[in-house]
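The values are calculated or read from the model by the stated rules, or taken from the named source; none is laboratory data. As the structure is a computational prediction, the values presented were derived from the model and not from experiment. All Cβ positions, even for glycine, are placed from backbone atoms using ideal geometry, and neighbour counts span all protein chains on display.
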Amino acid sequence: MKIINDFQQNTDAWIQYKLGKFSASTADALLMDKKTKGYQNLIDQLVEERITGKPCEGKFGGNEFTERAHELEPEAAQSYEFENFMPLEIVGVVERDEWVLCSPDRLIGDNGLLQIKCPIFKIQKKRMKTQKVPGNYYKQMQFELWVSEREYNIFYSYHPYLPAVTIRVDRDEEMIKQIAERVEQAKEEVLNEIKILTNG
């Protein structure tokens with residue numbers, strides 16, 4: 001595992017570095033049944049990116065909600081620091097190997113990660129009531145813990161007009177084992193398809 005700070009998150013260099021690799025944002029699709037569209041789309045994406053060296057055509061490029069999240073993230077991080085008296089560190093990526101990486105929103109000390117979400121009012125209100133981490137984010141957070149080798153990941157849901165929701169997620173070794181196994185299986189599928197397509 002190594003931390004790479006040669007570029008900032010969400011820049012062209014960061015996007016280029018992530019091409020053809022498993023990242024935390026792919027964790028939900030990675031753990032789906034192999035026959036599902038989500039899993040197959042992930043395999044197709046990695047094959048295309050590894051062959052072309054360019055972002056997958058038709059790949060989700062963001063919307064008003066992702067833009068909102070990027071705009072509010074620094075404010076949310078500052079809010080967490082003030083609430084918890086915990087200094088945070090920004091990183092480019094945390095890389096496990098040439099196939100696997102993640103981009104945590106922030107590092108907390110030597111053993112923690114911070115997962116920042118900035119939902120709209122209605123969703124934040126719901127999270128305040130349920131106090132639960134949505135399943136797709138839980139998988140993403142476990143993927144980050146696997147890659148970073150850290151002990152816990154804080155789910156921090158922030159809205160400027162409502163109280164924040166803070167939930168600690170510890171390592172789920174059973175899911176982490178499942179993620180590691182599925183990455184190896186998916187990697188084999190990607191390599192086999194590349195071999196067929198390139199007559200390699």
Worksheet entry | Number of positions in the stretch 163-179 that are closer than 12 Å to residue 145 by Cβ and surrounded by 15 or more Cβ atoms within 10 Å (Cβ to Cβ) | 6
Worksheet item: If the Cβ limit is 8 Å and pairs must be 6+ apart or interchain, which residue in the stretch 1-29 that is closer than 19 Å to residue 116 by Cβ and surrounded by 14 or more Cβ atoms within 10 Å (Cβ to Cβ) pairs with which residue that is charged (D, E, K, R) and modelled with pLDDT of 95 or more?
Response: 24/144; 27/139; 28/139
Worksheet entry | Verdict on residue 23 being in contact with a strand residue (DSSP E or B) (Cβ under 7 Å, 6 or more places away or on another chain), among the small types (Gly, Ala, Ser) and more than 25 Å from residue 161 (Cα to Cα) | yes
Fill in: Residue tally, condition part of a helix (DSSP H, G or I) and surrounded by 18 or more Cβ atoms within 10 Å (Cβ to Cβ), over the stretch 80-101
1
Discussion item. Going residue by residue through the stretch 33-54, is there one that turns out to be in a loop (DSSP other than H, G, I, E, B) and over 23 Å from residue 197 (Cβ atoms)?
Written reply: yes
Discussion item. Of the residues 143, 155, only one is in contact (Cβ under 8 Å) with a residue 12 or more places away in the chain, in contact with a Phe, Trp or Tyr (Cβ under 7 Å, 6 or more places away or on another chain) and aromatic (Phe, Trp, Tyr); which?
Written reply: 155
Discussion item. Looking only at the stretch 127-173, filter to residues that are within 23 Å of residue 71 (Cβ to Cβ) and part of a helix (DSSP H, G or I); which one of those is nearest to the chain's Cα centre (by Cα)?
Written reply: 140
